[in-house]
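These notes are about the structure you will find just below.
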Amino acid sequence: MTTPERALKHFGIDTQLLKLAEECSELSQAALKFHEYRSVERSAALAEELADVEIMLEQMRAYFGDTPVDAQRANKITRLERRITEAETQPCPKSPPPPPQKRTPGGRHDARRVTLDGSPYPSVWAAARALGVNPSSVLQRLAKSSSCTIDGVLIKEVGK
Ligand SMILES: [Mg+2]
């Protein structure tokens, strides 16, 4: 019996599905942190989370089988190849320059000030870190409205 099969037998698929979600979330946060600021420590943390997710993916393949995953993968690789080819053969439209980004003392690019249940935070990133969630999830919610709630905490943009 392989290690992924042994893990599934020992912990069960329900537990491992939750573990997969947890590891994917950790990988997401490690990727965002490395994107935000590159360091040896953040690179090592990203590698660790990549390994964790690969281990979980091996267990999912052991559970669901290689065939459906390989079929989806082949379709998506084909689509990716087509998109790359299209992008390489079409002239790239000139895009406008990106807007200037404000920097806060913490070095965060998104300097929108927010409050968490009325307490001020210097940036969305700082607020997301305080909540232990991905900054992108906060940014997505604030893109729709000037306030939102995550885990019962009211997040509100200052000045809106
Ligand atoms: Mg992990």
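The values are calculated or read from the model by the stated rules, or taken from the named source; none is laboratory data. All figures in this text were calculated on a predicted structure; none of them were measured in a lab. Please note: Cβ atoms are built from the backbone with ideal geometry, for glycine as well, and neighbour counts cover all protein chains shown.
I'd like to check something: does the range 59-80 contain any residue that is within 16 Å of the ligand (Cβ to nearest atom) and either modelled with pLDDT under 95 or assigned to a helix (DSSP H, G or I) (or both)? Walk me through how you get there before you give the answer.
Kept after step one, since they are within 16 Å of the ligand (Cβ to nearest atom), are these residues of the range 59-80: 59-60.
Pick out the ones that are also either modelled with pLDDT under 95 or assigned to a helix (DSSP H, G or I) (or both) and you get 59-60.
Yes: one or more hits.
To keep it simple, each residue is scored yes or no on (1) surrounded by 12 or more Cβ atoms within 10 Å (Cβ to Cβ); (2) on the phi < 0 side of the Ramachandran plot.
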position: 115; (1), (2): yes, yes
position: 118; (1), (2): no, no
position: 137; (1), (2): yes, yes
position: 145; (1), (2): no, yes
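So which residues in the range 1-18 are within 30 Å of residue 136 (Cα to Cα), touching a helix residue (DSSP H, G or I) at 6+ places or on another chain (Cβ under 6 Å) and within 16 Å of the ligand (Cβ to nearest atom)?
To start, the set of residues in the range 1-18 that are within 30 Å of residue 136 (Cα to Cα) comprises 13-18.
From the residues that got through so far, the ones that are touching a helix residue (DSSP H, G or I) at 6+ places or on another chain (Cβ under 6 Å) too are 13, 16.
Listed by number, the list holds a single entry, 16.
For the range 19-40, what are the residues that are within 15 Å of the ligand (Cβ to nearest atom) and free of Cβ contacts under 8 Å to residues at least 24 places away in the same chain? Let's see the steps before the verdict.
Initially, the range 19-40 is screened for residues within 15 Å of the ligand (Cβ to nearest atom), giving 19-34.
Answer for the range 19-40, where residues must be within 15 Å of the ligand (Cβ to nearest atom) and free of Cβ contacts under 8 Å to residues at least 24 places away in the same chain: 21, 22, 30, 31, 33, 34.
Filter the range 3-58 for residues that are surrounded by 18 or more Cβ atoms within 10 Å (Cβ to Cβ) and polar (S, T, N, Q) and give the result.
16, 29
Between residues in the range 46-71 that are without any contact (Cβ under 8 Å) to a residue 40 or more places away in the chain and residues that are away from the ligand (no atom under 16 Å from the Cβ) and of a type in the set (A, V, I, L, M), which pairs lie under 9 Å by C-beta distance while being six or more apart or on different chains?
57/69
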